[in-house]
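Single-structure report; data block below.
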Amino acid sequence: MAMTAGLPMGIENFKEMRTRGYYYVDKTGLIRDLIKNMGKVNLFTRPRRFGKTLNMSMLKYFFETGCDGMLFEGLEIAGEKELCEKYMGKFPVISVSLKGVSGRNFDEAKGMLRTLIGKEALRFQFLMQEGSFLEAESKRYAALVRVNDEGEFTMSDGLLKDSLLMLSQILQKHYGQQAIILIDEYDVPLDKAYHYGYYDDMSELLKALFGQGLKSNDSLYFAVLTGCLRVSKESIFTGLNNFKVYTVKDVRYNEYFGFTDQEVREMLGYYGLMEHYDAVKEWYDGYRFGDLGIYCPWDVVNYCGDLRDGNAVKPQNYWVNTSSNDIIRTFVDKANSATRSEIECLIGGGSITKEIYQELTYRDLDSRIDNLWSILFTAGYLTQRGNDGDRTELVIPNREIRTVFIRQIREWFDGETAKDSGMLKRFCMAFLENNTAAIEEGFTSYLKKTISIRDTSVKKERKENFYHGILLGILGHMDGWNVRSNAEAGDGYSDITVELEDKDTGIVIEMKYAENAGFEKACSEAAKQIREKNYEQALLDDGMKTIYKYGIACYKKRCRVVSV
């Protein structure tokens, strides 16, 4: 019986994936299409975790001299015999990833950049041993890889700016062939510099580095860059006459970053997980690159891995937990009433139409709310459903991203709630006074200040969960209140239970979504569930002597409360 291929969770090295028996979704058609449509410099912008780094590794192993053709055996590109004969293993390749250039100040970041280029230059130190260099070339190369007693690379700032140009010239001299330059995550240093306050210095450094290496370089055959944002207004790429940019709005190359539906079906079938297809689609599909539907590959692979290992049954948040989601918090903080209404529409499964700017500078990111829509789109928090001239129809791609918005809204709302301690205390005390009118009035007031789930395509249980989360956050601010969510109670799990041990008092709350403002029906269902499931029993078992029971029905920004 053949051994099942391993799931490549976190594997971004093409050779490792192919030689260690990992499951590989064939993206080698990118090589063919890139050669046939090649620009001198090619930039691919995609959200994080969509396979950019793995594709760059694939390009390196295909083009670089000494290529092991066995790595590509059985893959799509292997069928292109003439192309492989002409291009495979025929070029010196300079390959660097800037994702680690994240210093808290310019000198620290510059040191990181110096190190990664120095280490890449060291890959070619065998040329020195072969005696391939003239004396002048040996001195230039030695300057690139020289380190001090602490092992730190010491190339000067001027040499750092010239490093890509110099290294490609050295390689061309030895191999008699122009070099290919691959730069992964080119915009990470700009992002970090913007956040830590040395943006101008970093942009000038990258402008010189890229300008020398990509624009004024006769030793360059072609270059490929990847990143999340297209920042051509930065003038980093000024003067590049053959500069091709491929964004998520472009049709060409759309199938090579992320998984298509067919690829997901094949993977699930291979591992015997097809019964989870609907859940995978709901949580991780929904992106649209060009005119093609795309899944987030990071999510699909990790969920398959957790299913096989028994670590999870229900889908989890994988993509959203790999880095900060501060952009959502910034967006919510800056949102006015009109924008919050648009967020409500998106969370509820609707769409909005906006003009998308794909060439923003980092200074533009949060200068105005319209720019933030563009960043949310570019970063993968929103995706396109269609275009109307210069305007783009935007939606939240899937359930995973929707949870990010909801989580950030709740955190923002919790902060706002805590600011008015008087209102908070009055509202919570109404539960101990069995004052349903005051609870209704207070919760309605809170709902008007936050963002609701509109009565659109989102499932009823998710609407209930949203209101559940809002109320849970409010009650959780009270000192001495032991607030629990979905705790086992009686013959089921109550939405919210509260224990005040010093008062021997407990509270049971069941939340319902009132479809089409059907408050009486929803409240009746909540009350019936509390009685039939005997939710108060757990509180009685804990010694609570007085139990208040409430059914709460919500619709948009209104609610109704009944005492059971």
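The values are calculated or read from the model by the stated rules, or taken from the named source; none is laboratory data. Source: prediction; values computed, not measured. Quick reminder, even Gly has a Cβ in these numbers, built from the backbone with ideal geometry, and neighbours come from all protein chains shown. Ligands, DNA and RNA are stripped out before the accessible areas are found, and what is left, the full protein with its side chains, is counted by its heavy atoms. Shrake-Rupley method; radii C 1.70, N 1.55, O 1.52, S 1.80 Å.
Quick look at the numbers
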item: DSSP beta bridge pairing in the chain, given as percent antiparallel to the nearest 5; result: 50 percent
item: Backbone HN-Hα couplings from phi across the range 466-471 [Karplus 6.51/-1.76/1.60, Hz, Gly and Pro as x]; result: 5, 5, 4, x, 4, 5
item: Distance between modelled label sites at T4 and R123, nm, 7 Å Cα→Cβ extension; result: 3.4 nm
item: Estimated FRET transfer efficiency when R0 is 56 angstrom, pair E135-T19 (beta carbons, to 0.05); result: 0.90
item: ³J(HN,Hα), Karplus 6.51/-1.76/1.60, whole Hz, each residue of the range 524-540, x for Gly, Pro; result: 4, 5, 5, 4, 4, 5, 4, 6, 5, 8, 6, 4, 6, 4, 4, 5, 5
item: Within the accessible area of the range 148-220 (1.4 Å probe), percent carbon and sulfur; result: 38 percent
item: Cα-centred dipole magnitude for the range 302-381, charges only on beta-carbon of K, R (+1) and D, E (-1), debye, nearest 20; result: 140 debye
item: Spatially proximal lysines relative to K281 (Cα-Cα < 17 Å; intrachain offsets below 8 disregarded); result: K314, K459
item: Inter-probe distance in nm under a simple model that places probes 7 Å from Cα toward Cβ, at Q262 and K419; result: 5.3 nm
item: Separation between Cα centres of the range 45-69 and the range 299-316, rounded to whole Å; result: 26 Å
item: Where GluC sites (Glu not before Pro) fall in DSSP loop in the range 66-124, at most 16 other Cβ within 10 Å; result: E73
item: Nearest 10 degrees, 0 to 90: helix 199-210 Cα axis against the chain principal axis; result: 40 degrees
item: Two-site FRET efficiency, D218 against R558, from Cβ-Cβ distance with R₀ of 60 Å, rounded to 0.05; result: 0.30
item: Cα centroid separation - the range 411-488 against the range 84-147, whole Å; result: 57 Å
item: Cα-based helix-to-principal-axis angle, 106-122 vs the chain, degrees rounded to 10; result: 50 degrees
item: Selected from C559, I343, N105, residue furthest toward positive end of dipole (the chain; charges at beta carbon); result: I343
item: Overall form of the range 141-253 per C-alpha gyration tensor (a/c, 1.5; a/b vs b/c); result: oblate
item: The chain - percent relative contact order, Cα under 8 Å, separation 6 or more; result: 11 percent
item: Cα gyration tensor category, rounded, prolate or oblate, for the range 319-414 with a/c compared to 1.5; result: rounded
item: Over the chain: Rg over Rh, Cα atoms, Kirkwood Rh; result: 1.06
item: Tensor-based shape of the range 400-466 (alpha-carbon gyration tensor, a/c under 1.5 rounded, otherwise prolate or oblate); result: oblate
item: Angle between the chain longest axis and helix 157-175 axis [Cα atoms, degrees, rounded to 10]; result: 60 degrees
item: Under Karplus coefficients 6.51, -1.76 and 1.60, residue-wise ³J(HN,Hα) of the range 258-266 in Hz, glycine/proline x; result: x, 9, 7, 4, 5, 5, 5, 4, 5
item: C-alpha center-to-center spacing [the range 232-281, the range 349-402] in angstrom; result: 17 Å
item: Total formal charge among the other residues, if their Cβ is under 13 angstrom from that of E152, Lys/Arg +1 and Asp/Glu -1; result: 0
item: K521/K449 FRET efficiency (R0 35 Å; Cβ-Cβ; nearest 0.05); result: 0.85
item: Separation of the K173 and Y277 label points, Cα + 7 Å toward Cβ, nm; result: 5.9 nm
item: Computed helical MRE - 222 nm, the chain, DSSP H runs ≥ 4 contributing -39500 (n - 2.57), nearest 500; result: -13500 deg cm²/dmol
